[in-house]
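The values are calculated or read from the model by the stated rules, or taken from the named source; none is laboratory data. Everything numeric here is computed off the predicted structure, so don't read it as measured data. Quick reminder, even Gly has a Cβ in these numbers, built from the backbone with ideal geometry, and neighbours come from all protein chains shown. What goes into the accessible areas is simple: the full protein's heavy atoms, side chains included, and nothing from ligands, DNA or RNA. Shrake-Rupley method; radii C 1.70, N 1.55, O 1.52, S 1.80 Å.
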Amino acid sequence: MARKLPSQGTPATAALAAAGVPFVVHPYTHDPAVASYGLEAAEILGIDPARVFKTLMVDVDGRLAVGVVPVSGTLDLKAMAAALGGKKAAMADPAAAQRRTGYVLGGISPLGQRQSSPTVVDDSALELATILVSGGRRGLDIELDPAELIRLTAARTARIGTRHD
């Protein structure tokens, strides 16, 4: 896989480069009118939405956590809570998510966050050679081996996504 271009550097790409993890940068022109950033990326890049994963900040029993699921489905909040040994999960306050990660909504990457959080990656990622996640800004995805994402974020895997294919 190719390395990043310097002009596309973000904390996420810097974290991958520092760890020596191969990745491919997929920049695209983001349309601010589009509601689903992940589906937009899949469509513009011509990639199966089951390979493009969204990063969602969740409040599990009062603590922030990261859920990474395919854009072709949704996050199952009960499964997310259970994966972290919690009782209840809800989507995190957007301002809290931005403060915690250092990224803007629609550009939150599971990598290179300002302050790391417990992370769960949907186990469907393990069936794929590579997946795409946000590169740390709207209009930038990065492709990498899901095992490397799991390793670098100290994530656990669980079936936390619901499919809408």
- Message: Cut-off under 15 Å on the C-alpha distance; same-chain residues fewer than 8 positions from Lys87 excluded. Which aspartates and glutamates are left, in chain and number order?
- Response: Asp59, Asp61, Asp76
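Let me check against my output: what whole-number percent is the relative contact order of the chain, with C-alpha pairs under 8 Å and at least 6 apart? Numbers along the way, then the final one.
Values: 352 pairs, mean separation 45.1, N = 165.
Computed over the chain, the figure is 27 percent.
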- Add +1 for every Lys or Arg and -1 for every Asp or Glu among the other residues with Cβ under 12 Å from the Cβ of Asp31, and state the total. -1
- Show the residues, 5+ positions off or on another chain, whose built amide H is closer than 5 Å to the amide H of Thr119. Val66, Arg156
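Highest mean first, what order results for 77-88, 21-32 on Cβ atoms within 10 Å? Walk me through the numbers before you get to the answer.
On the way: 77-88: 17.2, 21-32: 15.2.
Taking the mean over residues of other Cβ atoms within 10 Å, the ranking is 77-88, 21-32.
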- Message: I need the phi-derived Karplus couplings for region 14-27: 6.51 cos²θ - 1.76 cosθ + 1.60, θ = phi - 60°, integer Hz, Gly and Pro marked x.
- Response: 5, 5, 5, 4, 5, 7, x, 8, x, 7, 10, 8, 10, x
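Calculate, in nm to one decimal, what Arg114 and Asp31 gain on full extension: separation in residues at 0.36 nm each, minus their alpha carbon distance.
Values: separation 83, 0.36 × 83 = 29.88 nm, distance 2.60 nm.
Full extension of this stretch gives 27.3 nm more.
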- Classified through the alpha carbon gyration tensor (a ≥ b ≥ c as square roots of its eigenvalues; rounded if a/c is under 1.5, else prolate when a/b is larger than b/c, else oblate), the chain comes out rounded
- Note on the structure: Once both label points are put 7 Å beyond Cα along the C-beta direction, the Asp48-Arg151 separation in nm becomes 2.4
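For the pair Ala95 and Asp123, what calculated FRET efficiency results from E = 1/(1 + (r/R0)^6), where r is the Cβ-Cβ distance and R0 = 25 Å, to the nearest 0.05? Could the numbers behind the result be given before it?
On the way: r = 30 Å, r/R0 = 1.21.
The computed FRET efficiency comes out at 0.25.
Among DSSP beta bridges lying fully in the chain, give the percent that are antiparallel, nearest 5. Don't skip to the end; give the middle numbers.
Details: 23 of 30 bridges.
Of the beta bridges lying entirely in the chain, close to 75 percent run antiparallel.
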- Item | Cβ-derived FRET efficiency at R0 35 Å, Ala17 paired with Lys78, nearest 0.05 | 0.45
- Task: List, in order, the whole-Hz ³J(HN,Hα) value for each residue of region 62-69 obtained from phi through the Karplus relation with A = 6.51, B = -1.76, C = 1.60 and θ = phi - 60°; use x for Gly and Pro.
- Result: x, 10, 6, 9, 10, x, 10, 9
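Could you please state how large a percent of the accessible area of the chain is carbon and sulfur, counting protein chains only and using a 1.4 Å probe? Provide the component values of the computation, followed by the final result.
Details: 4130 of 7660 Å².
Carbon with sulfur: 54 percent of the solvent-accessible area.
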